Amino acid sequence: MWLIFIIVMGGTLLVQGYLRSTYGRWQKVPAASGISGAETARTILDANGLSDVGVVEVPGQLTDHYDPRKRVVSLSTGNYRGVSVASHAVAAHEVGHAIQHANSYTPLQIRSALVPVASIGSSLAPWLIIGGAVIGAFGLIQVGIILFAAAVLFQLVTLPVEFDASRRAGQQLQTLGIATASEVGGTRSVLNAAALTYVAAAATSVLYLLYYVSMFMGGSRD
């Protein structure tokens, strides 16, 4: 357990450090188009017939997200107001999710359907597993593992959703002429660094699931 914890913490810190470093570097590079992240998002949305999707500013750093229920692209202050390669990359990525939603992209639909059980699994499952192990209730451990497996599935389905949103972002920035040829590399660097955080999260979840399964298998043999 301690080995898993050390690997997870070390990997997570490295990935987060890489993301902040990459994002910080390209946040300092002005975009040639001279438009803000909010304007970038609005331009891509309108070009794809999504004028009904809103773009709003939210506090924090890298708190950007798309809410499919409210149909709103939320951009952190730095990206909403920023006129940089990084701001454009993040804004276009979140709009990529809005385009997925409009096109009924299957992995996004699956992820949305998994949200309730994944939320329960990630918060409740570890307690069920630990509690079951303490009192020797292997049925409780099994229920916890099933719930946690749903959370892991959510993390795995998230990967194609995020990579596809980044692919769409790059295409839109180039097609609409928002990013110059020299800016494409920076855009990809930011989006690839962000994608690594999801890869790390999925790998972490898989490691914990394997640990819980081995705990259950070992206990049931005893």
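Screening ALA118, ALA86 for residues that are within 21 Å of GLY170 (Cβ to Cβ) and in a helix (DSSP H, G or I) leaves exactly one candidate, ALA86. Taken over the stretch 149-179, the criterion of being out of contact with any His (no Cβ under 8 Å at 6 or more places or on another chain), hydrophobic (A, V, I, L, M, F, W, C) and in a helix (DSSP H, G or I) is satisfied by ALA149, ALA150, ALA151, VAL152, LEU153, PHE154, LEU156, VAL157, LEU159, PHE163.
Against the condition surrounded by 23 or more Cβ atoms within 10 Å (Cβ to Cβ) and of a type outside the set (Lys, Arg), how does SER112 come out, does it pass? Break it down stepwise before answering.
Working: surrounded by 23 or more Cβ atoms within 10 Å (Cβ to Cβ): no; of a type outside the set (Lys, Arg): yes.
No.
Scanning the stretch 30-83 for residues that are in a helix (DSSP H, G or I), of a type in the set (Val, Ile, Thr) and either surrounded by fewer than 20 Cβ atoms within 10 Å (Cβ to Cβ) or under 22 Å from the mean Cα position of the chain (by Cα) (or both) yields THR40, ILE44, THR77. Just one of the numbered conditions (1) closer than 28 Å to ASP46 by Cα; (2) in contact (Cβ under 8 Å) with a residue 12 or more places away in the chain; (3) out of contact with any Gly (no Cβ under 6 Å at 6 or more places or on another chain) is not true of THR204: (1). When LEU196, LEU159, LEU173 are screened for being over 30 Å from ILE145 (Cα atoms), surrounded by 14 or more Cβ atoms within 10 Å (Cβ to Cβ) and of a type outside the set (S, T, N, Q), only LEU173 passes. Of everything in the stretch 98-119 that's in contact with a Phe, Trp or Tyr (Cβ under 6 Å, 6 or more places away or on another chain) and under 12 Å from ALA151 (Cα atoms), which residue is modelled with the highest pLDDT? The extreme case among them is LEU114. Residues that are under 23 Å from THR12 (Cα atoms) and free of Cβ contacts under 8 Å to residues at least 60 places away in the same chain are absent from the stretch 168-187.
Would you call GLU94 within 17 Å of the chain's Cα centre (by Cα), among the charged types (D, E, K, R) and either part of a helix (DSSP H, G or I) or surrounded by fewer than 22 Cβ atoms within 10 Å (Cβ to Cβ) (or both)? Break it down stepwise before answering.
Working: within 17 Å of the chain's Cα centre (by Cα): yes; among the charged types (D, E, K, R): yes; either part of a helix (DSSP H, G or I) or surrounded by fewer than 22 Cβ atoms within 10 Å (Cβ to Cβ) (or both): yes.
Considered against the rule, which asks whether it is within 17 Å of the chain's Cα centre (by Cα), among the charged types (D, E, K, R) and either part of a helix (DSSP H, G or I) or surrounded by fewer than 22 Cβ atoms within 10 Å (Cβ to Cβ) (or both), GLU94 comes out as yes.
The values are calculated or read from the model by the stated rules, or taken from the named source; none is laboratory data. Just so we're clear, the structure is a prediction, and the values are computed from it rather than from any experiment. Counting neighbours? That spans all protein chains shown, and the Cβs are built from the backbone with ideal geometry, glycine included.
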